[in-house]
Structures are given as structure tokens and as C-alpha cells.
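The values are calculated or read from the model by the stated rules, or taken from the named source; none is laboratory data. Source: prediction; values computed, not measured. Glycine gets a Cβ as well: all are built from the backbone with ideal geometry, and neighbour counts include every protein chain shown.
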Amino acid sequence: MSHALASMTGYARATGAVQGASFTCEIKSVNSRGLDVRMRLPPGFDALESEIRQLISKMVSRGSITCNLAIEREGAGGHVRLNQQALDTVLAAIAELGSRLVAAPPSLDGILALPGVLEQRDQPLTAAAEDSLGIAIMDAVSRALVDLVLARRQEGNRIAIVLLDRLAEIEALIAQAETHPARSREVIMARLRQQIADLAVDVSLSEDRLAQEALLLATKADIREELDRLAAHLASARQLIAGGGAVGRRLDFLSQEFNREANTLCSKSNAVELTAIGLDLKAAIDQLREQVQNIE
């Protein structure tokens, strides 16, 4: 069964809540050579990291993925605790200063206002609620990943249309090069005759010698192999796009091979028009490769 092409860029968001807390999960994806997963989880939720990573790697094979989890507890900051250690340190410092300085003793509210003496903490959840929260978070991550995969595939469908347009353009240019009259031995011989005639000195070559020279030039300028390989790469690229799935790396390799053949075609060209076709080919191949970089 074939799968659609997928882009490596996408975004998805899912929210959830349990008694005592609500949360938001955001997953972003951009281009990458492989699969790179970065997690931003609140303190105390490190245990979920490996589970989330496994889930992501099952659903996505390539891309730089960032997963952000934000949790908001009910009665946030409503639980106040006295930090006994900090208070003891402050009182010891006051006692030491009192023996050296003559000053009014600090007030209680002044001491409590010092940083670290009073700590505000979120209302703790029960163990059962913490378990429910973990399950709900994993459910939200799953939902966000489904949406992310869908978004990547929708973008992949749009890219596939662009890729097929570029391949059609490449095919048309291959056909132009294929039928170009500059490739025939007769045209090369006529051009050779003209070049000899244009020389200021008296140069006379027998018809046999002229035919040999024309054949030599035609052999050097023959782009049959390049055209055949370009046509083969074209068929392979269309097959990969039709099959879908994670084919980005193979399409990238093919686009490099396309470029190699176009370069050789330009270097072998024996006519300005063929060189122009070769340059147009290179431009279309560059556009193809640019889009391929986005494919999973």
C-alpha cells in the first residue's frame, strides 16, 4: 500500500485537563537530515520523556521535532511554605549583626519578605491525580502527533504537485535536446566545411578526411548516454513520488544525478542552442532539488 509524500515542516497543538490541572502540548517540525527530537517538559515530568520520544519515532522518520509541554495547576501559587533553613540563616545573620551594630531589630513582616524565606508552591495533586495527568498528557501527545502527521502530508501533497511540474519541465527539455538538429552528423559536417571555408589559408581536405573529422566531432559531442540516463532518472523520480513514504533522501540523490548529467550535457554541447537547453535543464533541476529538501 502506497503512502502520500510528507513534508518535514508542520505544527500541531492539543490540550487536556484532569481534576486539579490543565495542560497544553505543542509539537513543531522543521527540516533536518535525520530525526532530531527536542523536549521541553516541566520539572517533575522527566519520566514521560522516553515514552514521548518512542511515540514520535514510531510516527515520524525524519525532521527536527520540538515538543513543548506546559502545565497549569489549579490554585497555582496558593500553597505557601516556610523555608526553615532559610529562616535560620537569616536569624543567625541578624543575631551576629546585633552584637556589632546598634539598630532597631527587624520586623517580622520584613524578615518574611526576604527572598527564599516564604515559598509559594502549587497545590500538590494526589498520587491518583498525578497518574491521571500522565495518562492524559500522553493522550494529548498522541492526538497532536496525528495532527502533525496529517499537516505534514497535506504539505507533502502540495510539494508533490510542484515536483511533478518540475519533472514535466525536465522531460520537455530532454525531448528538445533529443530532437535538436545540432546532434546530427550532417549538421556537424556542414559546420566543419564552413569553418574550413572561413579560414584565410588554402586548406583542402578530401571528403573521406572531412567525414572522419565530422565523425570524431560527432562522437565527442554525442549526448546519447546523458539523455538516456536523464530519462531513466525521470522515470525513477516519478516512481518514488507515486510510491510515497519517506523517500526524501532518495529523491535528493536522484536530483544530484540529474545535475551531473546536465553538467556533462553542457560540456559536450557543440551548439549554442544545446548549451541553452542544458542551462535550462540545470535551472529546472535546481528548483526540483530545492523542493526535495522539504520531503521526509
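Given the structure, is S267 modelled with pLDDT under 95 and part of a helix (DSSP H, G or I)?
yes
Can you tell me which residue is farthest from the chain's Cα centre (by Cα) among those in the range 50-66 that are over 16 Å from A12 (Cβ atoms) and surrounded by 14 or more Cβ atoms within 10 Å (Cβ to Cβ)?
So, considering only residues that are over 16 Å from A12 (Cβ atoms) and surrounded by 14 or more Cβ atoms within 10 Å (Cβ to Cβ), the one farthest from the chain's Cα centre (by Cα) is R53.
Taking only the range 141-159 into account, find how many residues are among the small types (G, A, S) and surrounded by fewer than 19 Cβ atoms within 10 Å (Cβ to Cβ).
Counting residues in the range 141-159 that are among the small types (G, A, S) and surrounded by fewer than 19 Cβ atoms within 10 Å (Cβ to Cβ) gives 2.
Among the candidates A128, A103, single out the residue that is surrounded by fewer than 16 Cβ atoms within 10 Å (Cβ to Cβ), assigned to a helix (DSSP H, G or I) and at pLDDT below 95.
A128
Within the range 270-296, track down each residue that is outside any helix (DSSP H, G or I), of a type in the set (A, V, I, L, M, F, W, C) and over 22 Å from the mean Cα position of the chain (by Cα).
Residue satisfying the conditions is A271 alone.
E74 passes all but one of (1) modelled with pLDDT under 95; (2) under 18 Å from the mean Cα position of the chain (by Cα); which number fails?
So the condition that E74 fails would be (2).
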